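I have placed the structure first, in the form of structure tokens, so that the comments after it can refer back to it.
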Amino acid sequence: MIIYLKGIAATGPGFENWDALRNHFAVGADLDPEFVPRPQGTILPSVERRRASPTIKLAVDVAQEAVLQSGLKAEQLAVVFASSNGDTNTLHHICEALATPERFVSPTRFHNSVHNAPAGYWSIASGSMQSSSTVCAWNDTFAAALVEAATQCIAEQVPVLLAVFDTPFPEPLYEKTPGHQPFGIAMVLDANSQHSLAGLELSIETDDQPGATRMNDAQLEALRCDSSAARSLPLLAACAAGEAQQEVVLDYTEELRLKVVVSRLGD
Amino acid sequence: MISNSKISPPTTQPLALSHYTVVNALGRGSAATLGALRNGKSGLRRCDFMDTELDTWIGRVDGLEDEAVVARLHDFDCRNNRLAMLGLAADGFESAVAAARARYGAHRIAVIIGTSTSGILETELAYRRRDADGRLPATFNYRTTHENYSVTDFTRRYLALQGPAFTISTACSSSAKVFASASRMIASGLCDAAVVGGVDSLCMTTLYGFSSLEIVSTAPCRPADAERSGISIGEAAGFALLEKADGRNDVPCLLGYGESSDAYHMSTPHPEGAGARLAMTAALQRSGLEPAQIDYVNLHGTATRANDNAEDLAVSGLLGSATPCSSTKGWTGHTLGAAGITEAVIACLCLGEGLLPASLNTTTVDPGFSMNVLLENRSQPIRRVLSNSFGFGGNNASLVLGYPAT
């Protein structure tokens, strides 16, 4: 199964955007140890921007950047959004409210709590009436979402916007589910190779070896293991590299691995 | 290694629902649901869920409080996974999947489950039991209960499946969209078969959340009624084993699916039902059927003013005013992320029995409506059903289920 990359964006601890991360991988530019994403949600209409949480803004920011880079119109794109825990702050606030005698759940918090809230905000902001899915698979969420996006590209012959994002829980849930520093990654994918940055050939492997591709740098390897969205890092590194062809293996359920062969097509 | 790296673009092909199962307020297994549909007996009752104090009616499944999940999966024990297990244990589903596993291999069967809130009730209860330092109880396990993949992970472990797996969580369309994803996976050669389903269980988040949106009815829900006043929340689990139909004509098949977005509002549908109509149109196109070939529409039909208005415009705009339509939420309640699978299984039961169910509790259809809402059960052979599921975020999915043309 081959799909083509038409736009790419990423933000996370140490890098504001894809250019910063690509320069790190391609020419060894330093990451900024002070940088943490500060989601803006600039694409959102003002009413929605006021209602949107940081998780939602992180998702739409990175999605918007990838779409801009692709040159495609947002309303043409089907959407696959993914996150292992969804809107972590909103879930915390709702559970906290439900533990009080009043049990009052704010209507805005309630609709923000659905796992597909970021995708819903995106469709309102972008005007896209295309199919919109939101998926998760714990730590393998990125691989599962990439497969869902790829099968949509091919079966529906539609370009797909993939966005995977994670944010940390506040306490007390953080103790139970640590990590998940804010990390967002988005790709515009298409079955058509025209004007694409790279080809991604996906296949599912049942062999244990080789295991998931790791990052050589210890800090980036720690970041890779921090969230489901950050498990995209080896694929991002391969997309940034100048190699003609590079193979990346992602965990995809306990028993399966997703092999992605990245072929460089142009700049 | 699976040799699937060279796959030609897929063509649309019917998928057989070779086995299916459902558990809801009507009882455990398909026979309980079918019996209640025939007898006009609702599963709704006055809200008696835990310590809630809400003036509403709910579709609660009896016995979940007393029956833990199997010991080997005790980490996963929570109301939502208990409900999932009841579904997997009903209708011979587990043994049907075991036979499929022997036929295809465990890693060639995908598991795709829809849920909106998974086991969030565990987190809600854990927050009530925070200690003096604000910490959650040591016994609370977020990943295996609340986390949205928990129910899918539980299902694949329970069934000993090792294929691709993920959760779809798009609110009330979740377990309709699982059919679309499974269809694409099978067409792409990533698996040979799929267990699809949906599980959503009662929790404080949805009961109090929908209440604060003021769309929960104080009486049993009355879809499409002139006097309708909101939803009755239910809980349910349902599963189907999807396989290539390969000419089979003796079991109901997925003939088409359509997905769309409203791009309008987070919790209110597009007033003209534009997104809903897009999803229905896409489902018909994919099935290769004309609107007139649909024998019955199982409406999303939540009984909110806004949903039923929009759906009437979408349905009557696309299908006209003759096609019999009904919502079965008067029986089961709105089972949220499990509504898609619940109503897909009801569609299969109706196809098998030649039953067109009424919109239970509906007495006077909204005079502004153009669609043909059934007020009485009707018996007649039917071959194709359209089933609608729409959710928050303006997320729409429609399925066409029926027997392939011979």
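Values in this text are rule-based calculations from the coordinates and carry no lab data. What you see is a predicted model; the values in this text were computed from it and never measured. Cβ: placed from backbone, ideal geometry, glycine included. Neighbour counts: every protein chain shown.
Which of B:170, B:328, B:139 has the fewest other C-beta atoms within 10 Å, and how do the rest follow up to the most?
The most exposed by this proxy come first: B:139, B:328, B:170.
Starting from the Cα-Cα distance between residue B:214 and residue B:226, subtract it from 0.36 nm times their residue separation and give me the gain in nm to one decimal.
2.5 nm
Taking the highest mean first, how do the peptides B:220-232, B:355-367, A:137-149, A:85-97 order by number of other beta carbon atoms within 10 angstrom per residue?
So the peptides B:220-232, B:355-367, A:137-149, A:85-97, ranked by packing, come out A:137-149, B:220-232, A:85-97, B:355-367.
Under 20 Å from a label point 7 Å along Cα→Cβ of residue A:47: give me every residue in the stretch A:104-133 with its amide N that close.
A:106-114, A:117-129
Using label points projected 7 Å from each Cα along Cα→Cβ, tell me how many nm separate residue A:40 and residue B:249, to one decimal.
The two pseudo-label positions are separated by 6.1 nm.
For the pair residue B:62 and residue A:243, what calculated FRET efficiency results from E = 1/(1 + (r/R0)^6), where r is the Cβ-Cβ distance and R0 = 41 Å, to the nearest 0.05?
0.10
Got a sec to turn the phi values of the stretch B:100-107 into Karplus ³J(HN,Hα) couplings, 6.51 cos²θ - 1.76 cosθ + 1.60 with θ = phi - 60°, whole Hz, x for Gly and Pro?
Karplus values, whole Hz, x for Gly and Pro: 5, 4, 5, 6, 9, x, 4, 7.
Is chain A rounded, prolate or oblate when judged by the Cα gyration tensor, a ≥ b ≥ c being the square roots of its eigenvalues, rounded requiring a/c under 1.5 and prolate requiring a/b larger than b/c?
Verdict is prolate for chain A.
Round to the nearest 0.05 the FRET efficiency obtained for residue B:95 and residue B:285 when R0 = 22 Å and r is the Cβ-Cβ distance.
With R0 = 22 Å, the Cβ-Cβ based efficiency is 0.05.
Against the longest principal axis of chain A, how steep is helix A:54-70, in degrees 0 to 90 to the nearest 10, with axes from Cα atoms?
Value to nearest ten degrees: 30.
Set the bar at 27 Å for Cα to Cα. Now go through A:73/B:244; A:6/B:244; A:6/A:176; B:177/B:244; A:73/B:177; A:57/A:259 and name every pair that lies beyond it.
Over 27 Å Cα-Cα: A:73/B:244; A:6/B:244; A:6/A:176; A:57/A:259.
When the Karplus curve 6.51 cos²θ - 1.76 cosθ + 1.60 is applied with θ = phi - 60°, which whole-Hz ³J(HN,Hα) does each residue of the stretch B:141-146 get, with x for Gly and Pro?
Those phi angles translate into 10, 4, 4, 8, 10, 6 Hz.
Suppose a student asked you for the relative contact order of chain A, using Cα pairs under 8 Å spaced at least 6 residues apart; what percent would you report?
Here the relative contact order equals 25 percent.
Of all DSSP beta bridges located in the stretch A:5-194, what percent are antiparallel, nearest 5?
Looking only at bridges with both residues in the stretch A:5-194, the antiparallel portion is about 60 percent.
Does anything in the stretch A:11-32 have its amide N under 12 Å from the 7 Å Cα→Cβ label point of residue A:222, and if so which residues?
Counting backbone N atoms under 12 Å from the label point, the list is empty.
Is the stretch B:1-140 best put as rounded, prolate or oblate by its Cα gyration tensor, with a ≥ b ≥ c the root eigenvalues, rounded for a/c under 1.5, and otherwise prolate when a/b is larger than b/c, oblate when not?
It is oblate, given that a/c is not under 1.5 and a/b is not larger than b/c.
With the Cα gyration tensor of the stretch B:15-402 giving a ≥ b ≥ c as the square roots of its eigenvalues, does the rule (a/c under 1.5 for rounded; else a/b larger than b/c for prolate; else oblate) give rounded, prolate or oblate?
Oblate.
So what J values fall out for the stretch B:235-245 if you push phi through Karplus, 6.51 cos²θ - 1.76 cosθ + 1.60 with θ = phi - 60°, rounded to Hz, Gly and Pro as x?
Going residue by residue, I get 10, 6, 10, x, 9, 9, 9, 9, 9, 4, 5 Hz, with x marking Gly and Pro.
For a quick protection proxy, order the peptides A:188-195, A:113-120 by their average other-Cβ count within 10 Å, most packed first.
A:113-120, A:188-195
Roughly what % antiparallel, to the nearest 5, for the DSSP beta bridges in the protein assembly as shown?
Given both bridge residues lie in the protein assembly as shown, the antiparallel proportion sits at roughly 70 percent.
Treat each spin label as a single point 7 Å out from the Cα along the C-beta direction, and report the residue A:261 to residue A:23 distance in nm.
Those two pseudo-labels are separated by 3.4 nm.
Post the alpha-carbon centroid distance, the stretch A:74-144 to the stretch A:209-254, in whole angstrom.
Between the Cα centre of the stretch A:74-144 and that of the stretch A:209-254, the gap is 26 Å.
With contacts defined as alpha carbon pairs under 8 Å and 6 or more residues apart, what's the relative contact order of the stretch B:15-402 in percent?
Over the stretch B:15-402, the number comes to 22 percent.
Helix-only estimate, please: 222 nm mean residue ellipticity of the protein assembly as shown, summing -39500 (n - 2.57) across DSSP H runs of length 4 or more and dividing by its residues, to the nearest 500.
Rounded to the nearest 500, the figure is -9500 deg cm²/dmol.
Please list, in order, the residues from the stretch B:43-64 whose amide nitrogen is less than 19 Å from a point placed 7 Å along the Cα→Cβ vector of residue B:139.
Zone members listed by number: B:50-51, B:64.
Please figure out what share of the DSSP beta bridges in the stretch B:15-402 is antiparallel and state it in percent, rounded to the nearest 5.
65
Quick one: if the Förster radius is 35 Å, what FRET efficiency do residue B:39 and residue B:73 give, using the C-beta to C-beta distance and rounding to 0.05?
Efficiency computed from Cβ-Cβ geometry: 0.50.
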